[in-house]
Amino acid sequence: MIVAVLSITALGAFLGLLLGLAGKFFAIEDENPLVKGVEDMLPGSQCGQCGFPGCSPAAKAVVDGEVSLNFCPPGGRALVESLADLLDIDPSTVGDVAKPVVAAINETQCVGCTKCLKACPTDAVVGANGQIHFVVTAACTGCKKCFDVCPENCIDMAPEPESLNAWHWPKPSAA
């Protein structure tokens, strides 16, 4: 019995040492902390509106300078200003920012087919089979996936309602 316990202990110690050495030898270099900071600022809904498959590759493209700071429609102007501050870029040089849009379902045309419900990546569409559906505006990223699959064309993409995060003081005219 003592021999079995000692042999298992020795085997565990040897394999632990082997795993420790493998971890040091095959270690992956840490990613750029700036990429992690940019990724933390992004909405994180993986909606794909920017043309990237998710927020992580989009953050890497921003840090590498492959895309402009106004690439993320759900982030809006607030995200552009935050990224410009982090990357030390003048936000006025970025250009126009696409206004974020959200889905709105016309209840008179909705037949409750649930295709929009299944297509929504953020579960912003609420409803059941044969029932009228509703969009929770706070959860909608404006990815237009529900808009594309709706057979009744009862979904409209409207500008996001103004809130404290989305509202900006209009520039005065030079008149």
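Below are the figures for this structure:
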{"read-out": "Rel. contact order, % - alpha carbon contacts under 8 angstrom, at least six apart, the chain", "value": "17 percent"}
{"read-out": "Rounded FRET efficiency, nearest 0.05, which uses the C-beta distance separating S68 from K115 and R0 of 41 Å", "value": "0.75"}
{"read-out": "Helix 2-25 axis, angle to the chain major axis (alpha carbon atoms, nearest 10°)", "value": "50 degrees"}
{"read-out": "With 5 Å bins from 0: P(r) over the chain, alpha-carbon pairs, percent", "value": "1, 7, 13, 14, 12, 10, 9, 7, 6, 5, 5, 4, 3, 2, 1, 0, 0, 0, 0"}
{"read-out": "Sorted by Cβ neighbour density within 10 Å, fewest at the top, the residues M41, M157, M1", "value": "M1, M157, M41"}
{"read-out": "Candidates per chymotrypsin sites (Phe, Trp or Tyr not before Pro) in segment 65-170, loop by DSSP, up to 16 other Cβ within 10 Å", "value": "W167"}
{"read-out": "Calculated P(r) of segment 40-106 - Cα pairs past 19 Å, %", "value": "27 percent"}
{"read-out": "Furthest towards positive pole of dipole, L34, Q46, C116, structure part segment 34-126, Cβ charges", "value": "C116"}
{"read-out": "GluC sites (Glu not before Pro) within segment 1-58: DSSP coil, no more than 10 neighbouring Cβ in 10 Å", "value": "E29"}
{"read-out": "Those aspartates and glutamates that a straight Cα-Cα span of less than 16 Å connects to K144, excepting residues fewer than 8 apart in one chain", "value": "D123, E152, D156, E160"}
{"read-out": "Rounded FRET efficiency, nearest 0.05, which uses the C-beta distance separating T108 from A139 and R0 of 22 Å", "value": "0.45"}
{"read-out": "Proximal lysines relative to K145, as straight alpha-carbon distance under 23 Å, when same-chain residues fewer than 8 apart are discounted", "value": "K99, K115, K118"}
{"read-out": "Tail fraction, Cα-Cα pairs, segment 101-159, threshold 14 Å, whole percent", "value": "43 percent"}
{"read-out": "Within the chain, helix-based [θ] at 222 nm, where runs of 4 or more DSSP H residues each add -39,500 (n - 2.57), nearest 500", "value": "-11000 deg cm²/dmol"}
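Coordinate-derived values only; no laboratory data. A quick note: this is a predicted structure, and the numbers were derived from the prediction, not measured. Because the Cβ atoms are built from the backbone with ideal geometry, glycine has one as well, and the counts that use them run over all protein chains shown.
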